[in-house]
Structures are given as C-alpha cells and as structure tokens.
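Nothing in this text is a laboratory measurement; each read-out follows from the coordinates by a stated rule. All of these numbers come straight from a predicted model, not from anything done at the bench. All Cβ positions, even for glycine, are placed from backbone atoms using ideal geometry, and neighbour counts span all protein chains on display.
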Amino acid sequence: MALAAAQAFRQRLNADPSLRKPFLQAYEQGGAAIVALGHAHGFEFTDAEMREELASIAPESRSPVEQQLAHDLERRMRGELSDDELELVAGGGDQPSDTLDVTGSAKG
C-alpha cells in the first residue's frame, strides 16, 4: 500500500513543478528528508519504498520532469550548479545605462 503512496508522490513530482527544488534539497539530505517531504504533502511511504519506486523507472521511460530531476541530481553530485542556480548568478545588465562604451564611460 505504501509503495502506491511512493508512486503517487512521484506522479505529484511530475505534475507539480514547485516540488522540484524541495525534492532536490531533500534528496541531498537523504531518505528521511524525502519521506518528510512526502508526508508534508500527504503521502505516507518509507525511504525503502521510495528508493524502490525510483529504481523501478527505466531511464528511457522517464518523464521530462524525471529526466530533468536526474540531470540536476547528477550535476549536484558533481558539485555543479543547476540551470536555475546558473540563471540566478549569470547576471549582466540589459539596460542601456548598465553598459559601457569603448572609452570606459557609462552609456545611457
């Protein structure tokens, strides 16, 4: 029965993009954090049941969200920033007043 809850939580992850970042954070903290996140959203499962559910997904049959989560998890394991984190730090002025001309003085 709880394996069904783990499956339902995975489906919720696919349907609700707002859960992606909390799931990645929980994943980094370990199984207990994933279980707590699931419980906070009304899903009762164990760490072992969630691991079994995630392991049952063949890479070629992952949804686009699951593919992105897997990609983000792999990047985090290598110590890289996620695409969302890169966007936050990528900065750069897009206003004319933020650019410099070739003499080094501000334009705008």
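Stretching the chain fully between GLN11 and VAL89 yields a gain of 25.0 nm (0.36 nm per residue, less the alpha carbon separation).
The phi torsions of the stretch 56-63, fed into the Karplus equation with coefficients 6.51, -1.76 and 1.60 and a -60° offset, translate into couplings of 6, 8, 5, x, 6, 10, 5, 6 Hz, rounded to whole numbers, with Gly and Pro shown as x. The tail of the calculated P(r) for the stretch 2-83 beyond 19 Å holds 31 percent of all Cα-Cα pairs.
Dipole check for the stretch 11-90: with +1 at the C-beta of Lys and Arg, -1 at the C-beta of Asp and Glu, and the Cα centre as origin, the magnitude is about 60 Debye. Charge tally around ALA6: other residues with Cβ under 15 Å, Lys/Arg +1 each, Asp/Glu -1 each, net -3.
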